Each structure stands twice: as C-alpha cells, then as structure tokens.
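Single-structure report; data block below.
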Amino acid sequence: MGTVFVALAPSAHRVPQRSIEASDVERSWKLLETARQAAIQRLAVIQETTTKELGLQDAAIYAAQAAVLQDPEALRDLKRRVVDELQAPESAVQALLDHLSRTFEQLEGGDVKNWAADLRDPWELVLRHLHDEDIELARHMGEGSLVIVAEELTPTLVVRYPRNKVAALVCARGGRYSHGAVVARSYGIPTVTGVTEIDIKALAGESMVVYGGEGRVLVGADQEQCERALVRSAEVARVSEALAGLAEEAGRTKDGTPISLLANIESMHDLDLFDPNTVGGVGLFRTEFAYMERPSFPSVEEQVAVYKRVLDRFGQKPVVFRTLDIGADKQLRYFRTPEEVNPSLGWRGLRLSLDWQDLFLMQLQALYSCHEFGSVLIMLPMVTNLEEIRQARQLLDSIAGCGELKVQFGVMIEVPAAAMALADIIEEVDFVSVGTNDLVQYLFAVDRDNPWVSDLYQPYHPASLRVLQFIAQTCAKAGKPVSVCGEMAGQPEGALFLAGCGYTSLSMAPLFVPEIKAILREVDMEALQAVVSRACRATTEAEARGILHESSEDAWAKVLAMVKTADSRSNPHS
Ligand code: PEP
Ligand code: MG
C-alpha cells in the first residue's frame with residue numbers, strides 16, 4: 001500500500017511522449033528548472049577542470065554549451081510545452097531535441113551537422129539530470145510509501161528508486177515474463193502490469209493498494225479495505241515464516257528423488273536478500289545487470305571483483321554465470337544498440353558478443369580467471385546454432401590455453417531451432433539450461449513484453465510442454481545435466497511439471513525457493529510423471545493448465561495443512 005508516484009520516462013533510446021495533469025505543472029516545471037541549473041553547474045565544473053588540464057581554448061566548448069542552456073527561445077519553447085501543452089518535463093526536452101535534429105538535418109555541410117551535436121549535447125545532459133532529480137525526490141519520501149507508476153515495466157525502472165521506499169510497481173505495459181517483471185519478482189516487489197483500463201498516470205498522489213498475486217489494484221481504498229489488505233498480507237507472511245523452517249533442507253520429492261533448487265541472481269543486491277545455505281547454488285547469474293549498474297564497461301579486474309564476490313558467498317556450490325545478454329529491452333546507458341524493428345529477433349545475447357569479440361573476450365577472461373575462487377560454470381545466452389557455440393568455445397579455449405578446461409561450459413536453450421538441434425548441441429557442452437521466458441516467446445511468436453498479445457504467451461500450452469519434455473528426454477539420453485532457469489521453474493505448476501519431466505535442477509528467484517521446496521516434498525515422482533504425460537497429451541492450454549493446476553493445488557493444500565499443524569503445536573491456544 002502506498003502513494004502513487006509517477007516515474008519519469010526512461011531515456012535508454014528516445015523518451016516517449018507523456019502528459020501531465022494541470023495540478024502537476026508547477027512541480028514539473030520546477031523539476032525541469034532544477035535539472036537545467038544542475039546541468040549548467042556541471043558544465044562549469046567540466047570547463048574548469050578542462051582549462052586546467054588542456055587550456056582555455058579546449059575548455060571554451062563547455063562555456064558555449066552552458067550558454068545553449070540559457071537560450072531564451074529554447075526556454076520559451078520548453079515553458080510552452082510544459083505549462084500550456086501539459087507535456088511532462090522529459091517529453092518537453094525530448095521534443096526540443098527532436099526539433100534541433102530536424103532543423104539541422106535540413107541544412108547542408110558536415111560542420112553544420114556537427115553544430116547539431118553541440119546544441120543537442122547540453123540538453124541530453126538536462127535529461128540525465130531530470131532523472132537524477134526524480135530519484136532524489138523519491139529519496140525524501142517515507143519508507144515503503146511509494147507505489148511507482150510508469151508507462152512501461154523495464155529492468156531499469158525496478159532498480160531506479162531507493163528500494164526501501166518502494167511498496168509496489170504498477171505499469172501499463174510490460175508482460176508477466178518481461179525482464180522488468182523478472183527483476184521485480186527477484187526483489188519481491190508486488191507488481192501489476194497491463195493496467196490499461198484507467199489512466200494510472202493521472203493518479204499521482206492518490207493512495208493505492210496493490211495485490212501483486214492477483215494482478216489487481218485498488219485506488220483510493222477506504223479504511224476497511226486497507227485493514228483487510230493488511231490482514232491478507234499478515235497471513236501470507238505467516239505462511240512464509242513457517243516455510244522458512246524448511247530452508248536448509250535439500251530439495252527432493254516425497255520419495256526422495258533429488259531436485260536441486262538454485263537461485264537466479266539479477267544484481268549484486270540480491271546477494272544480501274537470502275541465505276546461500278537455502279539453495280544448492282546459483283543456476284543463473286545474469287551478468288548484464290552488473291554492467292547495467294555502472295556508468296561504463298567494467299574492466300577485467302572490475303568484473304573479477306564482482307564474480308569473486310558471488311563465488312565467495314557460495315563456497316564450493318556451483319555458480320552459473322551467463323555471459324552478457326543485452327539487446328531488446330536490456331540496454332546499457334553507455335552502449336546504444338541501434339533501434340531495430342524487431343529487437344527481440346535481432347542483435348542480442350551471444351550474437352552481440354560474437355560481433356564485439358573484444359568485449360566478449362574480456363568477459364570470458366574475467367570469468368575464466370575466477371575458477372580458482374569456486375565452481376564456475378559459463379553459460380551462453382540466445383544460442384541459435386552449433387557454429388556459434390563452436391566460435392565461443394574457441395575463444396574460451398584461446399584464453400584457457402591447452403590442458404583441461406577448469407570451468408564448465410554450457411548453453412541456454414531459448415531458441416526453438418536450438419531445441420530441435422539439441423542432440424547435436426549436447427555433445428559439445430557440459431550442461432544445458434532452458435530459458436523458458438524466451439523459449440515460449442519464440443515458440444509462439446509472441447513478444448514477451450507486449451500486452452496486446454499476452455494471452456497467446458502460453459508456457460502451459462501442450463506445445464510448450466511437449467518441447468520441454470523433449471529437451472529433458474534428449475539430455476537424459478546423452479547423460480548430461482539439464483535445468484530450467486526461466487520463470488516457470490519458480491511457479492508451482494511449472495516446477496511440478498519440470499520435475500516430472502526429469503529436470504534435475506530448477507533455478508528461480510530465491511523468494512520462491514521455500515514454496516517450491518515445500519510443494520515438491522509433498523509429491524511422489526511416479527505421480528508427477530503421470531501428471532506430465534496427461535498434460536502433454538492435452539489438446540488445449542486450458543486443459544493442460546487445469547491438469548497441472550489441480551496437482552499443484554493438491555500439493556499446496558498439503559503444505560498448508562502441515563503449516564497449520566505446526567502452528568497449533570507451537571501455539572496450542574490460538
Ligand atoms: C529466459 O529467457 O528464460 C531467461 C532465463 O533469460 P532472460 O529472462 O534473462 O531472458
Ligand atoms: Mg532469455
């Protein structure tokens with residue numbers, strides 16, 4: 001529960017248009033003014049240091065840039081946009097930038113085009129300061145008091161505001177399996193996306209109750225509704241507390257079939273959110289977030305420091321480091337990929353690493369040199385074919401030199417072509433992990449971020465279940481370990497299905513480990529295998545999901561009964 005705080009639009013590529021309410025004009029203009037002044041001051045500091053280091057002449061450009069930010073015509077234009085046209089401050093600056101680009105594009109000559117860059121640059125700086133101001137504002141709000149509202153759920157939105165201030169996230173766009181949702185889940189932030197029926201941005205300052213599990217928001221809740229929400233959240237907390245008792249038990253089914261439960265890690269902050277003794281290791285460390293949380297590419301030494309911290313925390317337990325998986329909705333501020341018509345089908349993951357081999361080599365070098373600190377597994381994302389794997393392996397071998405490789409080498413299966421070619425691929429790798437978030441997206445030709453087609457994104461459709469069964473069977477035949485690190489692994493229906501298929505480890509946000517562990521311990525492998533074959537024989541998504549849901553509800557009821565018995569034993573009078 002909290003107060004609605006409307007987030008500024010992110011500036012990874014182009015800031016989208018956003019309008020404001022008339023009541024928000026004064027605050028918005030002040031925000032823009034503060035950001036502009038901060039940019040002018042920053043330019044003055046740069047001018048001073050450049051004068052000292054390079055001399056007056058080279059520093060003159062920064063004085064000129066500061067003057068650009070005082071241009072009365074530009075200021076009039078911005079004021080008109082914010083005050084009269086009710087444009088959000090960042091949209092107004094973006095509109096000014098677009099205007100500058102258009103004007104200079106029409107003129108001839110290389111020099112003229114360079115002036116465009118000089119005029120745009122200072123306003124880009126204002127955009128960056130605007131975002132800093134926004135974060136600063138949130139920093140002064142009460143603990144856990146903000147419901148962050150934004151147009152789109154992106155990974156950077158989730159980490160943008162101080163974590164202790166954020167009670168929930170509510171967005172118009174961004175699928176349940178989008179990267180933003182993945183990160184929000186790992187932080188345990190109640191999140192609802194796809195809210196398009198109401199104009200959420202018009203709710204600035206309103207109180208809101210967010211039911212993350214149900215995908216429901218309540219605007220302007222009265223006292224009774226707030227009290228009911230508090231009771232609900234206390235109940236959820238009680239069950240979680242009871243399950244924490246199982247924390248250090250090993251993952252297994254009722255009949256003792258071991259299923260290793262591993263953690264997905266999105267950011268270094270995750271390391272402080274759970275006890276490493278509660279998991280069998282890390283099944284997916286998304287290294288791109290270590291790149292995102294910085295102003296520039298990390299050096300080999302800086303990367304080693306990050307990877308070592310993770311390995312130190314897990315002792316000899318396996319840690320799967322996935323190499324850089326940027327592109328599409330995961331962007332680095334300092335490395336802009338070109339705008340693509342179909343970014344999810346474009347330049348991302350391993351494709352980008354193989355094209356920028358100097359960057360890739362640095363990462364492989366950093367990862368390989370960490371073998372002395374723990375059990376390192378290197379995993380490639382977005383693999384399409386065997387040639388890519390061989391190319392990457394050659395690069396790794398060039399770093400490792402001759403002799404036996406001291407790390408394990410594996411791939412993610414996320415592209416249907418790689419799934420179908422798995423019998424060949426598996427011969428050349430040590431392990432495989434299935435990224436169901438992307439695999440489902442590509443299998444159904446449905447953008448995982450697009451709410452307009454989200455009803456066709458169906459992890460539990462028999463077509464998807466059969467592919468997952470095929471992958472498990474192919475790996476079993478080859479005698480190689482196979483896990484799932486997509487969101488399905490952390491969902492009760494998904495975990496039961498995957499365990500029944502023969503996946504030997506499941507990797508998920510640590511938050512879900514206790515629940516999945518408890519459910520698995522209530523079911524026999526034989527029963528799970530029967531559920532798997534029934535679900536795979538189903539003809540529709542509803543039928544298959546129904547079968548899986550029934551078995552997970554059954555298991556959950558047993559878990560709740562166990563919690564209740566434990567409760568009444570420790571508290572006989574309640
Ligand atoms: C996946 O695609 O399932 C996966 C784990 O990778 P990401 O969500 O980071 O794309
Ligand atoms: Mg993926």
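Just a few scattered comments:
- For region 2-221, average projected area of the Cα convex hull in nm²: 14.2
- Our coupling estimate for region 139-154, obtained by passing each phi through the Karplus curve with A = 6.51, B = -1.76, C = 1.60 and θ = phi - 60°, is 4, 8, 8, x, 4, x, 9, 10, 9, 7, 10, 8, 5, 10, 7, 10 Hz, Gly and Pro reported as x.
- Percentage relative contact order, the chain, counting C-alpha pairs under 8 Å, at least six apart: 12
- Rolled with a 1.4 Å probe across the full set of protein chains, the surface gives M362 an accessible area near 60 Å².
- Mean separation of Cα contacts under 8 Å (6+ apart) over length of region 255-566, as relative contact order %: 17
- For the chain, the longest principal axis of the alpha carbon atoms and the long axis of helix 525-537 meet at an angle near 60°.
- Per residue, the convex hull around the alpha carbon atoms of region 255-566 comes to 140 Å³.
- In order through region 409-424: 3J(HN,Hα) via Karplus (6.51 cos²θ - 1.76 cosθ + 1.60), integer Hz, x for Gly, Pro: 10, x, 9, 8, 9, 10, 10, x, 4, 5, 5, 6, 9, 4, 4, 7
- Placing W123, W356 in order of accessible area, with the largest value first and a 1.4 Å probe, yields W356, W123.
- Accessible heavy-atom area order of K558, K30, highest first, probe of 1.4 Å: K30, K558
- Sequence-distant contacts, meaning Cα pairs under 8 Å at least 6 residues apart, place the relative contact order of region 2-221 at 25 percent.
- As computed over the chain, the Cα convex hull volume per residue (Å³): 181
- 3J(HN,Hα) along region 253-259: 8, 4, 7, x, 5, x, 10 Hz, from the Karplus curve 6.51 cos²θ - 1.76 cosθ + 1.60 with θ = phi - 60°, whole Hz, x for Gly and Pro.
- Per residue solvent-accessible surface (Å²) - region 2-221, probe of 1.4 Å: 48
- The chain - percent of accessible surface contributed by carbon and sulfur, probe 1.4 Å: 52
- Amide proton proximity set for V523, modelled H, under 5 Å, gap of 5+: K254
- Taking all protein chains together and rolling a 1.4 Å probe, E143 ends up with roughly 140 Å² accessible.
- Cut-off under 5 Å, modelled amide H: who pairs with L262 long-range: G280, L506, S507, M508
The values are calculated or read from the model by the stated rules, or taken from the named source; none is laboratory data. Since the model is a prediction, treat every value here as computed from it, not as a measurement. Accessible surface is based on the protein model in full, side chains and every heavy atom, while ligands, DNA and RNA are left aside. Shrake-Rupley method; radii C 1.70, N 1.55, O 1.52, S 1.80 Å.
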